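Notes follow the structure.
The values are calculated or read from the model by the stated rules, or taken from the named source; none is laboratory data. Bear in mind that the values here come from a model prediction, so they are computed numbers and not experimental data. Cβ coordinates were reconstructed from backbone atoms using ideal geometry, including for glycine residues, and neighbour counts include every protein chain displayed. For accessibility, only protein heavy atoms count, side chains too; no ligands or nucleic acids. Shrake-Rupley method; radii C 1.70, N 1.55, O 1.52, S 1.80 Å.
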Amino acid sequence: SPAAFVGRRDELRAIARALARGPIVVLAGAGGLGKTALASAAARDLFADRARRAVMVSARAGEPFRQTLADVVRALGHEPRSDADLGMLAIDLAEARRALVVLDDVHHALAEATPALATIARYARRSVWLATSRVEPDAPELAGQIVRLVPLGDKYLAKFARIVDPKIPPAVAARSSRDVAGSPWRARKLASDRSSARVGDAGKSLLATLSVVERPISTGALAKTIGADPGAAVDDLVRRGLVEAVAGGYRLHEEARTAVSALVGGGADGARTIAALASGGDGDALEALRLALKAGD
């Protein structure tokens, strides 16, 4: 479930109508409008029977979309061969499980992702696919399968402000809603900035770690990086909109990177972060290896 979700009922109905026509829907809109939260809400509200089989994988800047498809294949329980057609393999595995697959942030590799999305539209029958992108993919197979997110209304944005800080004065919440151009993420960030409650030392340590990793990392790995249970600190950062809870653990919200860099300064202790990740699961260990190679260690 998304940490905070208000409004977007029209978009949920549009997703349901589009999925009645075809197996994939692309949620398109500017950064900070809540595409990932809408995809999570759709998985929960529209496909509760598939929620336990849901897979969410994020495309990452600078990586080929083939890597994203390989992550889907692994998440569905198979190790991909280097010579495999990963698009068709991912579809076959999802079809066999009647899975719900969320492909997040496909704008990072849109030129490669668009043919894969078109292939899903042509061949998937039993599986359900949601993709999020800041840029609309251009493929005839996706005509009618794109749900565009528009800015949220002020009353919903004021709710986001009160989620961040229930004690925030109504006038401050209303002012926050007018200053964020319809973005729920910006509403939460602005309310966080104006709140009397500040990010504590544990929260800053968590943000420092998340600012240097590219994949979601587990609660266990986060606990090792700060030497304590991160539960309350993570919950606070998610509520503020700085961190997202996704499949595989937690990641820094894309829109928050600049703000977090200013907040935490030089970032995490590299050696401690690598050690914490290296003793975790496969995803954490892979991120530890990337960081170690980047550091020349």
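With protein chains left intact and a 1.4 Å probe, residues in the range 12-86 average 44 Å² of accessible area per residue. What the Cα atoms of the chain give is an Rg and a Dmax of 19.2, 59 Å. Only the Cβ atoms of Lys and Arg (+1) and of Asp and Glu (-1) were treated as charged; on that basis the dipole of the chain about its Cα centre amounts to roughly 1080 debye. Between residue 20 and residue 111, the FRET efficiency estimated from the beta carbon spacing at R0 = 25 angstrom works out to 0.30. The range 125-148 and the range 209-241 have Cα centres separated by 31 Å.
Taking the protein heavy atoms of the range 22-78 in the context of the full set of protein chains, the accessible area attributed to carbon and sulfur is 53 percent at 1.4 Å.
Restriction of the trypsin sites (Lys or Arg not before Pro) in the range 84-149 to DSSP coil positions whose beta-carbon has at most 10 other beta-carbons within 10 angstrom yields 125. A helix-only calculation puts the chain at -15500 deg cm²/dmol for mean residue ellipticity at 222 nm, using -39500 (n - 2.57) for each DSSP H run of at least four residues, averaged over all residues. Summing charges over all other residues whose Cβ lies under 14 Å from the Cβ of residue 123, with Lys and Arg as +1 and Asp and Glu as -1, gives -1.
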